[in-house]
Amino acid sequence: MIVITTPTGDIGRQLVDRLLDAGEAVRVVVRDPARLSARVRERVEVVPGSHGDPATVARALAGADRLFWVVPPAGFHDAGPAGRYYVEFTRAACGEAARRGVRMVGVTSLGHGYRGPAGLLSAALAMDELIGASGAAHRALALPFFMENLLRQARTIGEQGVLALPNAADRPLPTVATGDVAAAAAELLLDASWDGRARVPLAAPEDLTPVGMAEAVSAALGRPVRYRQVPLAAFRAGLLEHGASPALARDMAEMVAAQNDGIYDAEPREPGSAGATGFGQWCREVLAPAVAA
């Protein structure tokens, strides 16, 4: 039995489909079961609730041997620091997994070994330390910037020909497609041979700067798209203006500052850690249709 958290998220949704296609028994933990597709509801066991709740986790892991772990966003208006949220949300699950001998495959940040503050990324790395200390068998999928983050700008890209981020224009920003993350997670969950703890870095084959990303978007759309770097202070102020808590705005700004400082370079990537999807391919297959729509 494989337990999947965040089964309606970008990664979890694709992962559930892969595991069902492989004939696996799947149980999902979901706050709102109505968000599951009819196909999924018919073929999985559903545990309603939050996987940050100890009682819900205990029910979900009963009789299971594998767990896919993702900490969901805390919410735009949450007032607490991300580090505390990630650790407290994960504490019950990793303890329960260790006690029951459940192997965990989790989503975390690339950048292990970085020494500065990194906001949300520091929170994910602190979560990894907690899981490691619990004794649970664990594979941490260490990931950089999600390509799918750019889908939020599909309308702006299409109407204004602008890709805007607070990231340094000339600093390579490693990316990864969520489809590649789901494929890597499925491979680990279907592999019965591993034990212990290890990190599994995963990123696209090429590291483009944001300017290079805009050029790839231009090529995919067949029309010019330029990059605009948003000053970090303006980025943080914009978050606050749109209702983010001060703690979230600080964590987001620290994350970007760490990206600009090379946090993703702090963790070595092996030659085999490259994902299958290049950024240009993703732009043609995913972003261009979204812009057209």
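Compute the relative contact order of the chain as a whole-number percentage, counting only Cα pairs closer than 8 Å that sit 6 or more residues apart in sequence. Please report the intermediate quantities before stating the final value.
On the way: 550 pairs, mean separation 59.4, N = 293.
Here the relative contact order equals 20 percent.
Evaluate the distance, in nm, between pseudo-label points positioned 7 Å from the Cα of GLU206 and of ALA234 along their respective Cα→Cβ axes.
Each label point lies 7 Å from its Cα, and together they span 2.8 nm.
May I ask you to derive the relative contact order of segment 32-110, considering only C-alpha pairs under 8 Å and at least 6 residues apart, and to give it as an integer percent?
Numbers: 64 pairs, mean separation 28.6, N = 79.
It comes to 36 percent, rounded to a whole number.
Where does each of 276-284, 45-53 land if you order them by average Cβ count within 10 Å, highest first?
276-284, 45-53
Residues of segment 3-98: accessible area per residue at 1.4 Å, in Å²?
46
Over segment 192-238, give the accessible area per residue in Å² for a 1.4 Å probe, as an integer.
Using a 1.4 Å probe on heavy atoms only, each residue of segment 192-238 averages 54 Å².
Would you work out the relative contact order for segment 119-191, in percent, from Cα pairs under 8 angstrom that are 6 or more residues apart?
Contact order relative to length: 36 percent.
Can you give me the % of accessible surface on segment 94-160 that is carbon or sulfur? Probe 1.4 Å, all protein chains present, nothing else counted.
Carbon and sulfur atoms account for 47 percent of the accessible area of segment 94-160.
Given the peptides 12-19, 159-166, arrange them by the average over their residues of other C-beta atoms within 10 Å, most packed first.
Working: 12-19: 21.6, 159-166: 16.6.
Top of the packing list down: 12-19, 159-166.
The values are calculated or read from the model by the stated rules, or taken from the named source; none is laboratory data. None of the values given here were measured: they were computed from a predicted structure. Cβ coordinates were reconstructed from backbone atoms using ideal geometry, including for glycine residues, and neighbour counts include every protein chain displayed. In case anyone asks, the SASA skips ligands and DNA or RNA and just uses the protein heavy atoms, side chains included. Shrake-Rupley method; radii C 1.70, N 1.55, O 1.52, S 1.80 Å.
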